[in-house]
Amino acid sequence: MGKIRGGAMPLMDHVREFRNRFLKSLFAIAILSVIGWIFYDEIIQELTKPFCDLKAATSNELNHCGDLYINGLIGPFNLHLKIAFITGLILAAPFWLYQFWAFITPALHKREKRLAIVFVSVATPLFLSGSFTAYILLPHAVNVLLGFTPNDLGNLIRFDEYLDFVMRLILLFGIAFVLPLVLLLLNVV
């Protein structure tokens, strides 16, 4: 850390601190991605469960979950990497969010810090509730979207597209549950 002049750090010290915190966060994500790599099959099973349960309910076959596909020679490996990275990103979230908080905290005033702590304390359970709601509603969303498929056609769904859909749905529901709090906070500020 450089010398603080009048309560402010020089620009290069900010850049160095940001780089150090960013690298620590990347390291934590990489380490925790190993968990995603190890538990790949269990994670895939949990992600496909809403889709497979829906397909089993609408099919006469046992254990029917045959409409999800992986394309290409390198597709399974890319999917493995993607699942591992997303798992690492989620599991390391408390650490990298703390790193972000520690980087911006020195620039905040006491009132701003209090508001931020209240916001995070309330927003976290709201976001998790929204994410859980999205996961619960996922089979219904898939059912509605598959309902648009013409009767004479089949629908082959690439698993990476399905995964993107699931992640977006969970993220959007989480954000939607936090949005009223954001609007309230904007009125307070």
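Every number here is computed from the coordinates shown, using simple stated rules; none is lab data. Quantities reported herein were computed from a predicted structural model and do not represent experimental measurements. Quick reminder, even Gly has a Cβ in these numbers, built from the backbone with ideal geometry, and neighbours come from all protein chains shown.
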Ile117/Leu153 FRET efficiency (R0 45 Å; Cβ-Cβ; nearest 0.05): 0.30
Selected from Phe51, Gly36, Leu163, residue furthest toward positive end of dipole (the chain; charges at beta carbon): Gly36
Check: the range 80-189 dipole with +1 on Lys, Arg Cβ and -1 on Asp, Glu Cβ, in debye: 600 debye
Sites Leu73 and Phe18, calculated FRET efficiency, Cβ-Cβ separation with R0 45 Å, nearest 0.05: 0.70
Gap separating the Cα centres of the range 138-189 and the range 12-53, nearest whole Å: 21 Å
Amide H within-cut-off set for Ile70, under 5 Å, with H built and near neighbours excluded: Phe159
For the range 135-145, 3J(HN,Hα) per residue [Karplus equation, 6.51 cos²θ - 1.76 cosθ + 1.60, θ = phi - 60°, Hz, x = Gly/Pro]: 5, 5, 7, 3, x, 5, 4, 4, 4, 5, 5
GNM top mover of Thr149, Thr87, Thr124 - the chain, alpha-carbon springs below 10 Å: Thr149
Under Karplus coefficients 6.51, -1.76 and 1.60, residue-wise ³J(HN,Hα) of the range 91-99 in Hz, glycine/proline x: 5, 8, 3, x, 6, 6, 5, 4, 4
Within the chain: Cβ-based charge dipole about Cα centre, in debye rounded to nearest 20 (Lys, Arg +1; Asp, Glu -1): 1400 debye
